[in-house]
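The values are calculated or read from the model by the stated rules, or taken from the named source; none is laboratory data. Quick caveat: nothing in here was measured; it's all calculated off a predicted structure. Protein only, heavy atoms only, side chains kept; ligands, DNA and RNA dropped before computing areas. Shrake-Rupley method; radii C 1.70, N 1.55, O 1.52, S 1.80 Å.
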Amino acid sequence: MAHGHDVLHMMEGNSYATKEELVKAIIEHFGKDERFHTCSAENMDAAELVDFLTARGKFMPAEDGFTVDASKICNH
């Protein structure tokens, strides 16, 4: 089970036009059966993780969509 931080670090330097594009990139990177956890949630698929991270303000607008807000990545 991968941590949500791993996805946020994967996103650094990249932007995504849509949620669907990000979910596809996560699946390509981690595999379609990977489940994710964070400090406060667990057993999420890629789409559930993106919704979770969105609700917590982890993304910011970019020219062609959105990207990770690196200042919002926990360092633990």
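Ligands, DNA and RNA excluded, the heavy atoms of Glu48 present near 90 Å² of accessible surface to a 1.4 Å solvent probe. The slack in the chain from Asp69 to Met10, taken as 0.36 nm per residue of separation less the alpha-carbon distance, amounts to 20.0 nm. Sequentially through segment 29-34, phi angles give Karplus couplings (6.51, -1.76, 1.60; θ = phi - 60°) of 7, 9, x, 5, 9, 5 Hz, Gly and Pro residues having no value and appearing as x. Ordered from highest to lowest accessible area with the whole protein assembly present and a 1.4 Å probe, Met11, Met60 read as Met60, Met11.
For Asp69, the residues 5 or more places off, or on other chains, whose built amide H falls under 5 Å of its own are Phe59, Met60. Taking log10 I(q)/I(0) by the Debye sum over Cα atoms at q = 0.11, 0.12, 0.15, 0.19 Å⁻¹ as calculated from this structure, the corresponding entry among (i) -0.37, -0.43, -0.63, -0.86; (ii) -0.23, -0.27, -0.43, -0.71; (iii) -0.42, -0.50, -0.74, -1.02 is (ii).
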